[in-house]
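The values are calculated or read from the model by the stated rules, or taken from the named source; none is laboratory data. This one's a predicted model, so the numbers in the text were calculated from it and none came from an experiment. So basically every Cβ, Gly included, is an ideal-geometry build from the backbone, and we count neighbours across all protein chains shown. Heads up: the accessible areas ignore ligands, DNA and RNA and are worked out on the full protein's heavy atoms, side chains in. Shrake-Rupley method; radii C 1.70, N 1.55, O 1.52, S 1.80 Å.
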Amino acid sequence: AELSGLLFIGDAILQINGINVRKCRHEEVVQVLRNAGEEVTLTVSFLKRAPAFLKLPLNEDCACAPSDQSSGTSSPLCDSGLHLNYHPNNTDTLSCSSWPASPGLRWEKRWCDLRLIPLLHSRFSQYLPGSDLCRQNAFQVIAVDGVCSGIIQCLSAEDCIDWLQAIASNISSLTKHNIKKINRNFPVNQQIVYMGWTEEREQDSLQDRMYTPKFLALRGSSLYKFIAPPVTTWDWTRAEKTFSVYEIMCKILKDSDLLDRRKHCFSVQSESGEDLYFSVELESDLTLWEKAFQTATFLEVERIQCKTYACVLESHLMGLTIDFSMGFVCFDAATKAVLWRYKFSQLKGSSDDGKSKIKFLFQNQDTKQIEAKELEFSNLFAVLHCIHSFFAAKVACLDPLYVGSQATASAAPTTSGTGKLKYTT
C-alpha cells in the first residue's frame, strides 16, 4: 500500500474491499486487512486532525503494538511524521513502552505532503499579485489549475534565490520535454520554440502598476499570447493575440528603461505600433526569452526568404521587397518594372515620420554617393520591424554564434524614437 504512493499520513480507512469499517475497532480492521487477500481496495479519507493526534507520545495504554514480529511493519495508527522501522532480527518481546528503547527499532523521519503542486506550466512569483511590490525573501508557486503553495518564507535572500532558481530549472526541463512531445504533431514550419509565463503590465492609466499573468509561446511564424497554456490543438486557435514574429520588435529593458520596481522586463512593439510590457521573475528567464525570440525570428526569415509590402511613390502604387539574398527591391506594382535595387550592406541609415513615410539612405557602389529614397507605407511599423528581422537574420547567417549571443547584438539594427531604425556595426 505504501509503495503505491496513494496513501498519506492522516488517511482514515473507511472501506476494505467494499466492507464498511468506519465503526470497527482497530483490531477488527487489522483482521479484515489480513484476510483481504493479495489485492486490496481501500477507500480512505484524509483527516486533518489525525497527524497531530498521532504525534502524541506512546504509552503503556497504546494498543497498537505489532503482533506479527516477522512482518517488519508498524501499525497504521502509529505511523505519523515519524515512522517505526522494525528489524526482523530483533526477537525482543515488544510492548509499546519498549519500542523506543529496543535496539532493533528506530524512528525515521518521513516526508508528509501537505500540498502537491505539479510544476509543468506552473508559475512562481516574489511579487504581490498584480503589483510591483516584491516580497522580502518569500515567494509562491501557482499550478496551472490554480492551486497555490501559499507564501513560502525563506530565511535569507540567498535561500530564496536558490529555491527560485531550482524551481525555474525544473519548470524549464519539464517545458522542454513537453515541447519536444508536442512538436511531433506539428510540421517543421510550425514547431514550438518557446513556451512560458510572463506578467503583462496593464496599459490602462487607471490601473497603473497592475500586472496580469500571460502565457507566451513562439511557434512557427507567430508569437502567441494566451490567458492559460494551450493544451489541445484547438487552444492554439483561441489565443488572446497573435503576432507575426518577423513584424514585431523585442527590446530587453535596461534599469533606466523600467517603468516601476519590477526587474527583468522586456517590451514588444507590435506591427501596429502598440507597445506591450512584460515582466519575468529571474534574469535567466529573460535570457531564455531573448535567445528564443532571436532563434524564432532567424528560423522564420530563413524560411520565408522575402517579404513584399505595398507602398506609394509620388502617387504611384509600388512594391518594396525585402529579400534575404538580394536586399531591397522597389518595383512598379502594375508593370513589375524594377525602379531600384540595393544590397543590405548599402543601407547606411533611415528615418521615418512615425506615421507612414520612410526615408532610406543607400550608398551607390560605384560613386560612393548617398542616394535617398522615400516611400510611404500603410503599415509603417510592420515594415520597420521586418527590415530589422532580416538584418538580424543576415548577421546570424554570417555568424552562427549571433543567435542567442549578446556579444554580437550591436551588429543588428536597433530602434530609436517612435520607430526609427539605427544601423550600427
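Just one of (1) over 21 Å from Thr287 (Cβ atoms); (2) under 17 Å from the mean Cα position of the chain (by Cα); (3) part of a helix (DSSP H, G or I); (4) not small (Gly, Ala, Ser) trips up Asn189, so point out which.
Answer for Asn189: the failing condition is (2).
Just one of (1) crowded, with 18+ Cβ neighbours inside 10 Å; (2) in contact with a Cys (Cβ under 7 Å, 6 or more places away or on another chain); (3) outside any helix (DSSP H, G or I) trips up Thr321, so point out which.
(1)
Having 3 or more residues that are at pLDDT below 90 is the bar; report the strands (runs of 3 or more DSSP E) wholly within region 338-425 that clear it.
Strands (runs of 3 or more DSSP E) meeting the threshold: 414-416, 420-422.
Looking for something in contact with a helix residue (DSSP H, G or I) (Cβ under 8 Å, 6 or more places away or on another chain), open to solvent by 60 Å² or more (accessible area, probe 1.4 Å) and touching a residue at least 24 places away in the same chain (Cβ under 8 Å) - is there at least one such residue anywhere in region 165-188?
yes
Among the numbered criteria (1) within 25 Å of Cys250 (Cα to Cα); (2) not assigned by the TED database to the domain that holds Phe266, which single criterion is violated by Asp162?
Failed condition: (1).
Got a number for residues in region 261-301 being acidic (Asp, Glu) and surrounded by 16 or more Cβ atoms within 10 Å (Cβ to Cβ)?
Going through region 261-301 one residue at a time, the tally reaches 5.
In this structure, does Ser279 turn out to be touching a strand residue (DSSP E or B) at 6+ places or on another chain (Cβ under 8 Å) and touching a residue at least 40 places away in the same chain (Cβ under 8 Å)?
Values: touching a strand residue (DSSP E or B) at 6+ places or on another chain (Cβ under 8 Å): yes; touching a residue at least 40 places away in the same chain (Cβ under 8 Å): yes.
In short, yes.
Does Cys134 satisfy being over 21 Å from Leu216 (Cβ atoms), out of contact with any Cys (no Cβ under 9 Å at 6 or more places or on another chain), among the hydrophobic types (A, V, I, L, M, F, W, C) and not assigned by the TED database to the domain that holds Leu218?
Taking the combined requirement at face value, the residue satisfies it.
Residue check, Gly327 against (1) outside the structural domain of Ala217 (by the TED database); (2) surrounded by 15 or more Cβ atoms within 10 Å (Cβ to Cβ); (3) at negative phi, all met but one. Which one?
(3)
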